[in-house]
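Comments concern the structure below.
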Amino acid sequence: MKTRENHHRSNLLAGSPSSHSDKSPPLVGSYTFRFYSSSYFHFDFELKSVQLCCSRFFFPLYFSGRDVKGLVMGERNTIVVWSSSEDDKEDSTWSSRGKRSAHSNLKSSKRSTSSKGAKKKARVVGLKSRTDSSDFDQVTLFSEDFHEGFNGFKVPAGSARNAHKQLWVDKYKPRSLDDLAVHKKKVEEVKMWFQERLRPCKDVCLSQVLIVTGQTGIGKSSTIHMVASHFGAKVCEWTTPTPTLWQEHMHMSSSGMRYTSKLDEFENFVERMRKYGSISFIEGQSNSLVILMIDDLPVANGKPASGRLQNSLRLLVQSASIPTVIVLTDYGRADSPDGCGHWLEELQSSLESAGACKVSFNPVTTNSIKRVLSRICSQEDCHATNQQIELIAKLSGGDIRNAISSLQYFSLKLNSVCYPSSISNHTSAFEKGIPDVGNNMCVMPMGRDETLSLFHALGKFLHNKREAGAALTSDQDAFVLNEKFARLPLKMDAPEKILWQAHGQARPITEFLHENVLDFLNDEAIDDSWTVAAYLSDADTLLASRNGVLFRNHEAENLGQSVAASVASRGVLFGNSCPVSSRWHSIRRPKLWQVELSSSRNMYDLLKRRLDKREACSLSSSTVIATEYMPAQKWLNYAESTTPWTTMQAKESGEDECDAMSIDGDDRVESEDEIEDW
Amino acid sequence: MLWVDQHRPKTLDKMIVHQDVAQNLKKLVTEQDCPHLLFYGPSGSGKKTLIMALLRQMFGPGADKVKAENKTWKVDAGSRTIDIDLTTLSSTHHVELNPSDAGFQDRYIVQEIIKEMAKNRPIDTKGKKGFKVLVLNEVDKLSREAQHSLRRTMEKYSSSCRLILCCNSSSKVTEAIRSRCLNVRINSPSVEEIVKVLETIAKKEGLQLPPGFAARIAEKSNRSLRRAILSLETCRVQQYPFTPNQAISPMDWEEYIFEITSDIMKEQSPKRLFQVRGKIYELLINCIPPEIILKRLLYELLRKLDAELKHEVCHWAAYYEHRMRLGQKAIFHIEAFIAKFMSIYKTFLISTFG
């Protein structure tokens, strides 16, 4: 999916007239470059590779991390950052292209979807081979919509001339079911589903829609394509059209065209599908088997839009007459900030309730990624060691597309840049069996950024998994630790990295740890609980804003926050010297929040009550009221009934109940996350 | 109405304790213009009583007619406007407020109120420009910025308003403010004085005080007059006529802390620590300030403790009280203290009893 998306104009295109001249074919794929703040010293090395990329290929490049701008800009104009605005002054080709693509965009939306089935292949292959004629050198940089506008411009697939310079992601695309790195069971599941649907004698009651879910780059679409080709069926795709830019819109509206949103187009498409079935887009080939695949859904922002999308999908599910596959990609996890994960879940359950089948794909296992990578290595004659392959596989986080791209990038370095010593250092460390992937990140500038959910991270800290029984490696020059300070090595990444992955804010992390840590301590370990409590107290002191005096400076405050989070998590890890064997524990929401809430409300009531009674002829401080007046008052009022404290508690618990109800809405903790085996 | 409020002396002449201070203050306000005043001393020593009586001395009975008002102040702070809710108690001659209730926005409130008071200052009968009095409670809880802004406004508007500041500890008031005020230290009344006050109240209420009972209440009250009077009233409700050996019940939260300490002494484990945390939360919900919880906890623990441990436990209590002031959430620090105590106590138990 990424390969296609990367051709949208908003991406970063690499290329300049000078780099066009060396006739290298543009390749499709994406490379992720990551820069960590700690890896400044790698920049030289990185720059070389980036230059290398630029001079030899055009990669859509994706940069993440800090100081990237400087990196991109400092590069003697070898990289053009093509942002989403169209600059008419560039040169005539660019501007004419802008207009034409606007037209073609319109056309593509109006056009009957005749060649949709072949589109995907044609796009990719077309891009590869178009460069053969130098006239189109410029054109190749443009979006494929332009290409679609060019009717009849079709180049037969598989022109093998440029094979050695193809992107490996395309070159080593699975060709058969056996090539798939997806788990066999899942493939089997999909296959069974198709088998049932594609049989000539159709069962009416079977639902015609399959939902495939999973994170990016794990072979969802490929599986569908492979299974379809296995049955000799034809895959027709709905792909989200390229979004209209504001300039385009302005241009079109001047010529009297009406703007249709992508969602409208999708709704029209569904409507057509329902009314005319497959006839609407397949001409004259009705005898062959056809599978409709909806790959990415149009962007739907906000409740009304997503509701519309959901409705039209439901309609599709209920009325589909040909086998339809909807591919849903789980972007991020459930705790993504925009709540998009939540929406996807809602969508899935709604579709399932409408009768669709669901197959969810898991990330590809490291082993199968490794297998694929080694195969590619042997075919490409690239000398990556097993450790390096394993590392790439691990860093990819189950995303096989990313892994292959990384491997290609990595092989670039192997061939042209001298073998960086840091890698050999790292591999030796790896051989020693230190599983600390975190440190290697700055060595390997690729792979995906892993994210963790907050509860996952908390679970890591609280469970405190360490290497079993192994004695500490006694380096001869190592600082000798007192026995009581020595701990076994952690079985996880550095706590700071986990915090960073979980996007944890210091204050809530500290409070969650405080609330839950005592459950994870040994029953006898009161000394440990003091150590933990002391570190948490340190963290709280660091977090205090000092009435805004000391930390006016945002930078300083930021630092204070991260130090506090680090102290809290490391304190919890260090303090818990003999962790209990892992049991099932639920993570509670900090009670502190509720306590603060009801405390401030009680305080308000207290002050108000005292004033209302007009008893006081002077104000008194809240402390005095709470500690002296109120207890006395209670004695006077309740002397004959029960003891005052219990009545107070009873009242309190009543308040807590209504409190709990009011908070219930955003209560994630009650879901009792299971953190057993993280 | 509670006896504490009911039997509060209304004029400086009727003061039973601090008679010398009262007389001096009377001379001060009758003979000449009144300076800014800063009253400080422990809680329950009679600061507020003196201030109220002083106001009555200055303005006559008009100062007694107060109305409580919950007003929203709109403060223009540079680029934005801040709304601050604050309760004030005011008569025609004075305004009383607890600026620290406004939290971290206290500095705006001090400036704003003083400015507004200065704007509509009263003119007294002789045509002379009069002044209003602003009574600020808990000045020691004001933030440093608020104290600085207080200092500036104090100088700027000194012709139109007088400040009477009231706090427990003058060490938390900046030097600049202290030097601009007449500092009046109010001591805790002695046990004899408290007994005298209790006897006066008993006489007014027509109660028979058995000999020694007032003294016992006074002992228990920790030399806080307010506390003593409240205890007397609760004892009256619990059992009357009084008997000399009648139990004087502590405050409910004190009893609760006593329970907590016995929990701590009985078992030292993370599980127990967790239970104790729940009880501390209960206290916090009922607005018992964390400093007082920690103080009382230490007091109760020390009563049950071996002499050799007392020093160390005190050290840690002081350490975590300091931490509490530096930090934000008190529970972290109170809990760290309890954990430390448990750890110390457990080691002690193991070493003595094996």
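Any read-out appearing in this document is the output of simple, stated calculations on the displayed coordinates, not a laboratory observation. Given the structure is predicted, the values throughout are model-derived calculations rather than measurements. FYI the Cβ positions are ideal-geometry reconstructions off the backbone, even for glycines, and counts take in every protein chain you see.
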Largest first and to the nearest Å, give the Cα extent of the range A:367-414 along each principal axis.
24, 18, 17
Specify the residue with the greatest mean-square fluctuation among B:17, B:191, B:75, computed from a Gaussian network of chain B linking alpha-carbon atoms under 10 Å apart.
B:75
When chain B is treated as a Gaussian network with springs between alpha carbons less than 10 Å apart, the largest mean-square fluctuation among B:38, B:284, B:232 is found at B:284
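So what is the relative contact order of the range B:191-238, in percent, for Cα pairs below 8 Å that sit 6 or more residues apart? Walk me through the intermediate numbers first.
Values: 29 pairs, mean separation 19.0, N = 48.
It rounds to 40 percent for the range B:191-238.
In peptide A:513-519, what is the residue-averaged number of other protein chain Cβ atoms found within 10 Å of each Cβ? Intermediate results must be reported in sequence, preceding the final value.
Working: counts 0, 5, 2, 1, 2, 10, 3.
Per-residue shielding by partner chains comes out at 3.
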Restricting to DSSP H runs of at least four residues, report the calculated mean residue ellipticity at 222 nm for chain B, -39500 (n - 2.57) per run over all residues, nearest 500 deg cm²/dmol.
-17000 deg cm²/dmol
Spatial separation of Cα centroids for the range A:497-549 and the range B:322-354, in angstrom:
16
Could you calculate the contour length gain from residue B:205 to residue B:116, that is, 0.36 nm times the residue separation minus the distance between their Cα atoms, to one decimal place in nm?
27.7 nm
Residue B:192 versus residue B:20: modelled label distance in nm, points set 7 Å from Cα along the beta carbon direction
1.3
Roughly what angle does helix B:191-205 make with the longest principal axis of chain B, taking Cα atoms, 0 to 90 degrees, to the nearest 10?
70
Proximal charge balance of residue B:272 [Cβ under 9 Å; K/R count +1, D/E count -1]:
0
Over 23 Å between Cα atoms: which of A:484/B:310; A:608/B:220; B:65/B:172; B:304/B:340; B:71/B:132 fall into that group?
A:484/B:310; A:608/B:220; B:65/B:172
Label-point separation, residue A:374 to residue B:299 (7 Å along Cα→Cβ), nm:
7.4
Assign one of three labels to the range B:252-353, namely rounded, prolate or oblate, based on the Cα gyration tensor with a ≥ b ≥ c the square roots of its eigenvalues; rounded applies when a/c is under 1.5, prolate when it is not and a/b is larger than b/c, and oblate otherwise.
prolate
What residues have an amide H closer than 5 Å to that of residue A:466, excluding those fewer than 5 places away on the same chain, when H is modeled at 1.01 Å from N in the peptide plane?
A:491
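Past 19 Å, Cα to Cα: identify those pairs from A:191/A:234; B:10/B:67; A:186/A:234; B:48/B:141, in the order given. Mind showing how you got there, number by number?
Numbers: A:191/A:234 15 Å; B:10/B:67 17 Å; A:186/A:234 21 Å; B:48/B:141 17 Å.
Violating the 19 Å Cα-Cα cut-off are A:186/A:234.
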Specify the angular offset, from 0 to 90 degrees and rounded to the nearest 10, of the alpha carbon long axis of helix B:19-31 from the longest principal axis of the alpha carbons in chain B.
20
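In the neighborhood of residue A:307, defined by Cβ-to-Cβ distances under 13 Å, what is the net charge if each Lys or Arg adds +1 and each Asp or Glu adds -1? Could the numbers behind the result be given before it?
Working: positive: A:303, A:308, A:314; negative: A:267, A:346.
Residues close to residue A:307 contribute a combined charge of +1.
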With the 8 Å Cα cutoff and a minimum separation of six or more residues, chain B has a relative contact order in percent of 15
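In terms of the Cα gyration tensor, with a ≥ b ≥ c the square roots of its eigenvalues, is chain B rounded because a/c is under 1.5, prolate because a/b exceeds b/c, or oblate? Please report the intermediate quantities before stating the final value.
Values: a/c = 2.39, a/b = 1.40, b/c = 1.70.
In terms of gyration-tensor shape, oblate.
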